[in-house]
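Structure first, then comments.
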């Protein structure tokens with residue numbers, strides 16, 4: 001017979017009250033774990049979405065991140081193939097890097113000749129096979145079946161995709177099979193002949209000459225867009241892109257301006273016949289936890305290309321929305337945890353105070369028999385800890401069970417900044433420490449909550465305690 | 001954590017031959033308890049209620065001593081002071097030669113644990129423990145092996161005639177059986193003094209008679225000093241010494 005056994009028996013003695021306390025603590029533990037699992041799901045969902053699209057690290061020429069969008073031609077990485085080959089062969093990086101892919105961002109005007117409409121665009125020149133490889137990175141614990149490829153292949157030299165909003169504005173709803181696509185009132189597409197007739201002769205003189213459609217291209221039934229960009233030399237360049245599909249980009253502003261095309265096409269647009277450069281390199285790692293050390297290594301390693309200066313940014317720096325969303329959810333999580341902590345404290349203080357008041361005579365007896373004050377304190381604190389422990393075990397089991405049930409339903413949700421539905425998964429085990437840490441926190445709270453009633457019990461005068469019957 | 005309840009208790013040695021106290025002869029003619037000008041005042045707000053006035057008292061060792069008086073006369077207060085459960089407002093108390101004045105709470109607790117046993121009117125058994133565990137409990141506070149604790153507790157339960165009920169909890173026992181367990185618990189550590197505060201008050205007449213007989217038997221068997229507070233004539237009849245108290249003042253002593 002020891003303190004633990006006596007404390008356990010005391011808990012069972014008033015089992016209804018103990019059960020109520022254990023249940024409340026259990027529900028608190030359950031809520032914290034379930035919401036924690038949900039926050040983990042959001043974290044991994046967003047991280048996976050960002051990393052699949054943009055990789056972990058971005059290597060830019062110095063200054064591009066701040067000023068590049070204003071003048072992309074002035075900030076380019078030369079000899080990108082050589083740099084990529086060097087990084088891919090590096091012993092340190094070899095085991096850590098999944099994909100290194102170059103990209104080129106261009107800004108200009110896009111025009112649909114057939115629809116007689118034009119607008120500004122933000123184009124991203126990519127290598128489709130590498131982007132597809134990046135899309136299959138699995139960061140979260142669950143594979144997302146909704147992942148689809150970029151929509152065009154390396155072999156299709158003039159292919160591209162646009163955002164759904166861009167497709168709508170270019171009146172390509174039908175051609176790109178855009179669902180629920182509204183057509184602007186009174187702006188039905190005009191025939192190319194009518195378009196030609198309406199085009200003022202003086203304006204034609206100012207525009208670069210649109211190349212004649214090759215015979216093969218005339219057979220292509222895909223919608224054609226003509227892109228006009230001010231090249232790095234200042235002269236306007238034009239290329240044509242044939243659209244395979246429209247892909248929702250999630251954010252309206254981006255969706256209405258987005259266009260993805262082959263890297264070679266984008267280079268042709270921006271650099272014409274000059275040296276072909278890229279805006280940056282996307283580095284996707286095998287695991288996110290490698291990010292800090294690889295970033296540090298890259299910063300040092302790239303110094304060997306002395307003719308160029310680079311900066312290496314993480315995806316959280318490139319897309320601050322990730323940190324902002326995580327901060328928001330962490331704040332909500334902390335707030336909920338705090339409320340749960342207060343609930344546990346008030347429940348246990350109430351329960352333990354009742355236990356102390358009901359057992360005044362017993363406390364007096366124990367003291368008369370020779371139990372010191374700290375023995376009484378230990379007995380009641382142990383009872384509080386046991387209630388906390390039992391509640392935590394109950395909460396853990398509930399959270400694991402309900403989490404498994406929710407996961408078995410295969411629900412989906414769309415993460416902030418994402419367009420693809422991702423599996424809604426309660427990742428209770430995402431962090432190995434989440435269960436023991438929650439349990440430890442609740443047990444410490446239980447200990448603190450039971451300390452004050454226990455101290456009251458320990459400080460009772462023996463004769464006063466014995467007087468109660 | 002598991003041993004904290006029992007932590008800090010005196011590490012005194014309980015000898016195996018606990019029944020045969022070697023010091024009993026030397027104690028026979030000495031005072032077990034000595035009260036010198038002891039007064040006790042309870043404060044109800046600003047109003048002081050004097051429960052005991054200048055008590056001068058010596059209780060001999062190994063005797064059956066009763067303190068009697070009407071309700072509110074101060075019997076229990078006197079018993080509590082002698083049992084080191086309370087401190088006097090003024091005066092000094094010596095228990096087995098130790099002056100209790102200005103002693104720390106831990107010292108007094110350990111002293112109680114080592115030297116004093118209690119039998120309460122309402123039995124005060126620990127409800128979550130069986131009869132055997134209740135008797136074992138005081139021994140858990142000492143550095144005694146588990147097997148020895150079990151042996152002694154069983155012997156004591158046998159002595160009070162409750163061996164068959166050893167695994168029953170207090171709520172499964174009758175009033176008389178509970179008081180027997182309380183007696184066994186009070187005596188299991190072989191204390192020098194046992195205080196019994198109206199031990200027969202909650203018992204029927206026959207059971208009360210049996211309990212008194214049992215305590216008398218135990219007192220003779222273990223040479224323990226028994227001090228009672230009681231109205232019970234049966235207790236007075238078998239007492240070696242009786243102190244009468246009224247309104248907090250010791251009236252007289254009779255044998």
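Every read-out reported here was derived from the displayed coordinates using simple, explicitly stated rules and does not represent laboratory data. Just so it is clear, the structure is predicted and the values come from calculations on it, not from any experiment. Ideal geometry is used to build each Cβ from the backbone, glycine not excepted, and the neighbour counts take in all protein chains shown.
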Where both partners of a DSSP beta bridge lie in chain A, what percent of those bridges are antiparallel, to the nearest 5?
80
Ranked B:110, A:226, criterion: other C-beta atoms within 10 Å, fewest first
A:226, B:110
Quote the FRET efficiency, to the nearest 0.05, computed for residue B:90 versus residue A:92 with a Förster distance R0 of 60 Å and r equal to the Cβ-Cβ distance.
0.10
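May I ask you to sort A:413, A:137 by Cβ crowding, counting other Cβ atoms within 10 Å and putting the fewest first?
Ascending Cβ contact count within 10 Å gives the list A:413, A:137.
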Quick check on the exposure proxy: order B:239, B:71, A:434 from fewest to most C-beta atoms within 10 angstrom.
B:71, A:434, B:239
For segment B:31-248, using Cα atoms only, the Rg and Dmax in Å read 17.2, 53
Based on the Cβ-Cβ distance from residue B:37 to residue A:361, what FRET efficiency comes out when R0 is 22 Å, to the nearest 0.05?
0.10
If you project the alpha carbons of the protein assembly as shown onto the principal axes, what extent comes out on each, in Å, largest first?
139, 57, 53
Considering only C-alpha atoms, what is the centroid distance from segment A:83-111 to segment B:158-220, in Å?
89
To the nearest 10 degrees, the tilt of helix B:205-222 (Cα long axis) against the first principal axis of the alpha carbons of chain B is 80
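Taking beta carbons within 10 Å but only from partner chains, what does the mean come to for residues B:138-147?
Mean shielding count: 2.
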Report, in whole Å, the centroid distance computed from the Cα atoms of segment A:256-274 and segment B:45-79.
105
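What's the ranking of B:36-46, A:259-269 by average number of surrounding C-beta atoms within 10 Å, highest first?
Details: B:36-46: 12.9, A:259-269: 23.3.
With the highest mean Cβ count within 10 Å placed first, the list reads A:259-269, B:36-46.
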Considering every residue in A:360-369, what mean count of other chain Cβ atoms within 10 Å of its Cβ is obtained?
6
Using per-residue counts of other Cβ atoms within 10 Å, averaged over each peptide, order A:158-165, B:161-168, A:404-411 from highest down.
A:158-165, B:161-168, A:404-411
For segment A:291-361 and segment A:167-184, what is the separation of their Cα centres, given in Å?
42
Taking Cα atoms, the helix B:146-159 axis meets the longest principal axis of chain B at an angle in degrees (rounded to 10) of 70
Roughly what angle does helix A:321-358 make with the longest principal axis of chain A, taking Cα atoms, 0 to 90 degrees, to the nearest 10?
10
Between residue B:254 and residue A:468, what FRET efficiency follows from the Cβ-Cβ distance if R0 is 22 Å, with the result rounded to 0.05?
0.05
Within 10 Å of the Cβ of an average residue in B:80-87, the count of other chain Cβ atoms is 3
How are the Cα pair distances of segment A:367-469 distributed, in percent, across 10 Å bins from 0?
14, 27, 21, 16, 11, 7, 4, 0
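Once you wrap a convex hull around the alpha carbon atoms of segment B:168-242, what is its projected area averaged over all directions, in nm²?
Working: hull surface 19.8 nm².
One quarter of the hull surface, i.e. the mean projection, equals 4.9 nm².
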